[in-house]
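Visitor: One structure, as structure tokens, below. Some questions next.
The values are calculated or read from the model by the stated rules, or taken from the named source; none is laboratory data. Values in this document were obtained by computation on a predicted structure and should not be read as measured data. Note that we place each Cβ from the backbone using ideal geometry, even for glycine, and neighbour counts take in every protein chain shown. Heavy atoms of the whole protein, side chains included, go into the accessibility calculation; ligands, DNA and RNA do not. Shrake-Rupley method; radii C 1.70, N 1.55, O 1.52, S 1.80 Å.
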Amino acid sequence: MTDAFEEAGLEEVGPIDYLVVEFPGNRMTGEGFPLLVDLVDRGLIRILDLTFVRKDEDGSVTGLEIADLTGDGELDLAVFEGASSGLLGRDDVEEAAAVLEPGSSAGILVYENVWAAPFAAALRRGGARMVASGRIPVQALVAALDATESAG
């Protein structure tokens with residue numbers, strides 16, 4: 001019995017996630033970029049799509065070049081230039097931009113959790129299927145820990 005993953009040649013694919021990271025006031029320091037590159041270099045994630053947008057004060061949204069986001073003259077994420085799997089469409093970019101404050105920029109990242117690929121493949125081979133996933137925001141974790149501490 002073949003499944004959709006095998007038919008698509010995706011037997012060893014990990015879960016795919018996305019992040020939208022807002023930079024208020026268009027202030028991108030580049031501090032996180034080396035850490036992102038390190039995650040890729042160590043084989044923990046694979047960048048599928050990476051794009052940057054700016055939301056102007058009038059609400060209009062424009063794309064930004066990856067080459068030098070921080071304006072310091074160094075090629076911060078040039079290694080990811082052209083990273084486009086086709087998963088991230090124009091409607092996705094517009095939806096992400098809708099949550100941005102005017103005068104802000106954002107990075108939109110779609111990535112595969114490569115570290116989980118063998119585990120996911122083993123589950124699929126065993127007939128299991130992912131039926132739900134999600135993410136717990138850090139603020140919710142902190143609130144839950146605070147509540148537990150207060151109750152104890």
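Visitor: Name the residues in the stretch 108-152 that are at pLDDT 90 or above and closer than 30 Å to Asp58 by Cβ, would you?
Guide: Scanning the stretch 108-152 gives Ile108, Leu109, Val110.
Visitor: Would it be correct to say that Gly32 is at pLDDT 90 or above and open to solvent by less than 50 Å² (accessible area, probe 1.4 Å)?
Guide: no
Visitor: Something else: Which residues, taken from the stretch 87-103, are in a helix (DSSP H, G or I) and not charged (D, E, K, R)?
Guide: Result: Val93, Ala96, Ala97, Ala98.
Visitor: What are the residues in the stretch 14-66 that are part of a strand (DSSP E or B) and aliphatic (A, V, I, L, M), if any?
Guide: Ile16, Leu19, Val20, Val21, Ile45, Ile47, Leu48, Leu50, Val53, Val61, Leu64
Visitor: Then there is this: Exactly one condition in (1) exposed (fewer than 11 other Cβ atoms within 10 Å of the Cβ); (2) in contact (Cβ under 8 Å) with a residue 60 or more places away in the chain is false for Ala132; which is it?
Guide: Single failed check for Ala132: (2).
Visitor: Follow-up question, since we're still on this one. Open to solvent by less than 70 Å² (accessible area, probe 1.4 Å) and touching a Gly at 6+ places or on another chain (Cβ under 6 Å): which single residue out of Ala117, Ala96, Ala122 fits that description?
Guide: Testing whether each residue is open to solvent by less than 70 Å² (accessible area, probe 1.4 Å) and touching a Gly at 6+ places or on another chain (Cβ under 6 Å) leaves just Ala117.
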